[in-house]
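What follows is one structure encoded as structure tokens, with my remarks underneath.
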Amino acid sequence: MALAWAHVSFTEELQCPICLEVFTDPVILPCGHNFCRRCVQECWQRQAPGLWWCPECREAMGQEGPLRRNQVVQEMSEEARSLAGLYCQQHGLRYKLFCDTDLQLICVSCRDSPKHQQHQASPVQEAAQFYKVKLQEVITSLQDQASTFTAFLSVEEDKISTVKKNAESLRVHVREQFEQMHSFLREREAGLTRELAEHEASALRLIRENLQTVQLGLSSLSAQLAELTEQQAQGDDVEFLKEVSQQRPHDIPLPAKASTDLPLGIFKGPLQYKVWKEMKDFINPVPEALTLDRGSAHQRLLVSEDLTHVRLTDSNQQPQGPERFGPCVNILAAQGFQSGRHYWEVEVGTKTAWDLGVARETVRRKGRITLSPVDGYWTLWLRDGDQYKALDWPAVPLAPSAQPRKVGVYLDFEGGQVSFYNADDMSHLYTFRDTFRERLFPYFSPYLTSCPGNAEGIRLCTPKL
């Protein structure tokens, strides 16, 4: 006979939350919840010693103490058990099941009686089936976790490949940059070595020519000396006098002294400095000689005559204009870039607040301005003397090892890179990565003079190699 679960309406206050039966020997816990004494004790036996908690609300009970019997609930439970029709008269258990054939309510003991054994599975089979379902749920959960881990693993492996690819690209770039310097230095070394060899050969050639001239002179003098000696030995005095009166010795001039000096000024002067200055011809990028754009300056910004220094004043220094920043005290450079690699330096000295970076040509210049790549600004700022931030999305706090007095800015337009450096030691501060589609201008702000120690302006530098 097929059996199915049936819901039997009953007063929930008289049901044990654990066994779902009317309370038997009910006890009340400190939290106010009631349970069958045996049910709660069996529950606590499965918990760690000293960590008992209420099975209903999970409130910690501490050490297990004496369980206080709830006499009121006990009496109500006994009264409920006497109600006809709710409990099996044979077994005293609440009806929970009904037979599909005769639609009669039965209890669990009725179901397990020999009369129904042939129509239902054994308790072991039911328990096994129950835990098979639970096990399948666990298996499904583990499979889902395995799929998640597999997907995560694939992503991380892709990241490894990307990191290796990027690292190799950077290695090639570094190698190429240093190879250019190495090649230049090798060429200059070879050139100076050849030049020194030429001076050496020239000096040795003059010395050898002098040696050859002297050897010829010595040979000529030896011949004259032999001839005169032979004449002196003749016995006929008359003939001797005739020969002597007609003899005139040949004067052989000595060659000019050859110098052993080599041009020390060429090969032993400030050689490294000379070569270093020559390197600027292939350095890329060469530091830019920027100037400030007065037309973009906030009205209270005072720009120097050479357009390289700007500071905030208490009064208007510029006429009104549609291209001016306001109310933000900002200014752009007169030079913009839409290709190539560029580098410039800005002297900030001991200022306690400033903004530096690049901005799109079409950025908003009036009203409230948000400095972020989303709004067309790739900038770094200083506040309160030591609070550095890269205004990325979101902003990134920075902690330079030393306070920069000069800040270097590097722009690679096609490479989508804006990097900042402490120009005093060229230590890296931060790098933005993005895609640039319109002209970019160097951006500056001396910020407010109301900030303590921030009265000075900022200056554009042109490093000289």
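The values are calculated or read from the model by the stated rules, or taken from the named source; none is laboratory data. Worth saying up front: this structure is predicted, and the values here are computed from it rather than measured. Glycine gets a Cβ as well: all are built from the backbone with ideal geometry, and neighbour counts include every protein chain shown. Accessible surface is based on the protein model in full, side chains and every heavy atom, while ligands, DNA and RNA are left aside. Shrake-Rupley method; radii C 1.70, N 1.55, O 1.52, S 1.80 Å.
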Inset, instruction - Any residue in the stretch 153-174 that's in a helix (DSSP H, G or I): show its pairings with residues that are surrounded by fewer than 10 Cβ atoms within 10 Å (Cβ to Cβ) at Cβ separation under 6 Å, as long as the two are six or more apart or on different chains. - result: none
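For (1) open to solvent by less than 60 Å² (accessible area, probe 1.4 Å); (2) farther than 22 Å from residue 76 by Cα; (3) at pLDDT below 85; (4) touching a Phe, Trp or Tyr at 6+ places or on another chain (Cβ under 9 Å), each residue gets a yes or a no:
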{"position": "1", "(1), (2), (3), (4)": "yes, yes, yes, no"}
{"position": "7", "(1), (2), (3), (4)": "no, no, yes, no"}
{"position": "13", "(1), (2), (3), (4)": "no, no, yes, no"}
{"position": "22", "(1), (2), (3), (4)": "yes, no, yes, yes"}
{"position": "25", "(1), (2), (3), (4)": "yes, no, no, no"}
{"position": "34", "(1), (2), (3), (4)": "yes, no, no, yes"}
{"position": "53", "(1), (2), (3), (4)": "no, yes, yes, yes"}
Legend entry - The one condition in (1) open to solvent by 60 Å² or more (accessible area, probe 1.4 Å); (2) within 23 Å of residue 197 (Cα to Cα) that residue 280 fails to fulfil: (2)
Inset, instruction - Could you grab me the full set of residues in the stretch 375-399 that are under 14 Å from residue 433 (Cβ atoms), at pLDDT 95 or above and out of contact with any Gly (no Cβ under 7 Å at 6 or more places or on another chain)? - result: 390, 392, 396
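Taking the options 38, 58, name whichever one is of a type in the set (Lys, Arg), surrounded by fewer than 12 Cβ atoms within 10 Å (Cβ to Cβ) and either modelled with pLDDT of 65 or more or part of a helix (DSSP H, G or I) (or both).
58
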Inset, instruction - Please find, within the stretch 133-172, the residue that is modelled with the highest pLDDT out of those that are open to solvent by 80 Å² or more (accessible area, probe 1.4 Å) and within 30 Å of residue 272 (Cβ to Cβ). - result: 171
Legend entry - Qualifying residue in the stretch 439-459 (condition: closer than 16 Å to residue 344 by Cβ and either touching a Pro at 6+ places or on another chain (Cβ under 8 Å) or without any contact (Cβ under 8 Å) to a residue 12 or more places away in the chain (or both)): yes
Inset, instruction - For residue 340, indicate whether it is surrounded by fewer than 20 Cβ atoms within 10 Å (Cβ to Cβ), modelled with pLDDT of 95 or more and closer than 17 Å to residue 420 by Cβ. - result: no
Inset, instruction - Specify the residue that is farthest from residue 408 (Cα to Cα); the eligible residues are those in the stretch 262-277 that are outside any helix (DSSP H, G or I) and either touching a residue at least 12 places away in the same chain (Cβ under 8 Å) or open to solvent by less than 70 Å² (accessible area, probe 1.4 Å) (or both). - result: 262
Inset, instruction - Within the stretch 280-301, work out how many residues are outside any loop (DSSP other than H, G, I, E, B) and either among the small types (Gly, Ala, Ser) or in contact (Cβ under 8 Å) with a residue 40 or more places away in the chain (or both). - result: 5
Inset, instruction - Within the stretch 431-465, count every residue that is of a type in the set (A, V, I, L, M), open to solvent by 10 Å² or more (accessible area, probe 1.4 Å) and over 15 Å from residue 300 (Cα atoms). - result: 2
Inset, instruction - Look at the stretch 181-205 and say how many of its residues are touching a residue at least 24 places away in the same chain (Cβ under 8 Å) and open to solvent by less than 90 Å² (accessible area, probe 1.4 Å). - result: 9
Inset, instruction - Search the stretch 288-297 for residues being at pLDDT 95 or above and open to solvent by 20 Å² or more (accessible area, probe 1.4 Å), and hand back the single one that is nearest to residue 341 (Cα to Cα). - result: 291
Legend entry - Extreme residue, most open to solvent (accessible area, probe 1.4 Å), among residues of the stretch 315-337 that are free of Cβ contacts under 8 Å to residues at least 60 places away in the same chain and more than 19 Å from residue 369 (Cβ to Cβ): 316
Legend entry - Tally of residues being assigned to a strand (DSSP E or B) and touching a residue at least 12 places away in the same chain (Cβ under 8 Å) across the stretch 382-401: 6
